[in-house]
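Trainee: Take a look at this one; I'll ask things after.
The values are calculated or read from the model by the stated rules, or taken from the named source; none is laboratory data. This structure is a prediction, so every number in the text was calculated from the model and none was measured. Neighbour counts are summed over all protein chains in view; Cβ atoms, including those assigned to glycine, are modelled from backbone coordinates with ideal geometry.
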Amino acid sequence: MELERVQSIASLSKLANTIPSEYIRSENEQPAASTLHGVVLEVPVIDLSDDFGDEIMARLMSEASKDWGIFQVVNHGIPDEVIAKLQEVGKQFFELPKEEKELIAKTPNSGIEGEANEEYARKLLEVSEKLLKWLSLGLGLEEQGLKEGIGVQGLQVFRDENWYNVNYIPNALIVHIGDQIEILSNGKYKAVYHRTTVNKESTRMSWPVFLEPPPEFEIGPISKLVNEQNPPKFKTKKYKDYVYCKLNKIPQ
C-alpha cells in the first residue's frame, strides 16, 4: 500500500482550507486543548565538551534517562556549518514540486548525491557511539552493552500528566530514549512519550535519526540487569514483532 506523503496532504489542506478527517485528532487530544500553556520544559542539557570523564558523563546521562527519557546535548562536535548546510539543502528539496521530489526518490542515478546528509550522518554516528557508551556504563554494563543489545551497525513531551513544549537550544541534538532502550535496560531508562505539532505560520523541519535493531533481532532485557530482585519487565521477542504489536495497538 502506497502511503500519502505528508507534504501532499499539507498542500491539499491549503487548497481546500481543511484537513482530511482521518488526520484530525479528537478535541481533547489536540495541542490547543492538551498542552499546558505558559510553561516550557527545560529538559536536561549535557555539555559534551566538559572533560568530566566517563564516570560523570555516564551518571549525568543515566539520571536524565531515568527521570526524563529525553535530554539535549550541546558542543557535540558536529560543526554549525554542517548543520546549516543540511538545513539549507533540506529547505531547497522540500520546496521542489512534488513531481521532482518523486523523481529523485525513485531514480538511484538522479545525480543527487546527498553529500550534506551523508556528512551529517557520519558526524552523528560518532556522537551516537559516545552516547551509547555512557548510557551503557550508567547501567553498570560494559561500554558496548547497549550497542550489542540493539545490534547497531515542533516537539512536545508528556510529563506529570500534561503535554509541554520543549525549549530547544539552537544546533543542540535532542536525544530521546526509545522503547528498545527501555526494554534493554529492563525499565531503568524510560522511553519518552512525545509528539510533534504543526504550525500554520511557519515550516518545521527535523532530521530524526533512529538507532534500532534489525527486524529479526530478538530484543529483551539484558541478562546482566535481571535477577531475583529485578525480574524481567518485558518479554523477549523479535523487534519486527514488537513494532507490529505497537503500531496495531496489540497488548504485549
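Trainee: Based on this model, can you work out whether Lys224 counts as over 24 Å from Lys123 (Cβ atoms) and modelled with pLDDT of 75 or more?
Mentor: It is true that Lys224 is over 24 Å from Lys123 (Cβ atoms) and modelled with pLDDT of 75 or more.
Trainee: Follow-up. Which of the residues that make up the stretch 143-174 are closer than 24 Å to Glu216 by Cβ, in a loop (DSSP other than H, G, I, E, B) and at pLDDT 70 or above? Even if it seems obvious, please write down each step before you answer.
Mentor: Going residue by residue through the stretch 143-174, those that are closer than 24 Å to Glu216 by Cβ are 144-153.
Among the residues that remain, those that are also in a loop (DSSP other than H, G, I, E, B) are: 144, 151-153.
Gln144, the sole residue that qualifies.
Trainee: Under 6 Å between Cβ atoms, at least 6 apart or on separate chains: pull out the pairs that start in the stretch 71-100 with a residue that is within 14 Å of Asn117 (Cα to Cα) and end on any residue that is among the aliphatic types (A, V, I, L, M).
Mentor: Lys85/Ala116; Leu86/Ala116; Val89/Ala116; Gly90/Met205
Trainee: Taking the condition among the hydrophobic types (A, V, I, L, M, F, W, C) and at pLDDT 75 or above, does Val6 pass?
Mentor: Details: among the hydrophobic types (A, V, I, L, M, F, W, C): yes; at pLDDT 75 or above: no.
When the stated conditions are applied, Val6 does not pass them.
Trainee: If a residue has to be part of a strand (DSSP E or B) and at pLDDT below 85 to count, how many in the stretch 35-59 make the cut?
Mentor: Going through the stretch 35-59, the residues part of a strand (DSSP E or B) turn out to be 35-41, 45-47.
Of the ones still in play, those that are also at pLDDT below 85 are 35-41.
Residues that pass the stated criteria total 7.
Trainee: Restricting to the stretch 190-214, and then to whatever is touching a strand residue (DSSP E or B) at 6+ places or on another chain (Cβ under 7 Å) and either at pLDDT 70 or above or among the hydroxyl-bearing types (Ser, Thr, Tyr) (or both), can you tell me which residue is surrounded by the fewest Cβ atoms within 10 Å (Cβ to Cβ)?
Mentor: That would be Thr196.
Trainee: Does Ile70 fit the bill of being over 23 Å from Gln180 (Cβ atoms), at pLDDT below 90, touching a helix residue (DSSP H, G or I) at 6+ places or on another chain (Cβ under 8 Å) and not charged (D, E, K, R)? Lay out the reasoning, then the answer.
Mentor: Values: over 23 Å from Gln180 (Cβ atoms): no; at pLDDT below 90: yes; touching a helix residue (DSSP H, G or I) at 6+ places or on another chain (Cβ under 8 Å): yes; not charged (D, E, K, R): yes.
Criteria not met by Ile70.
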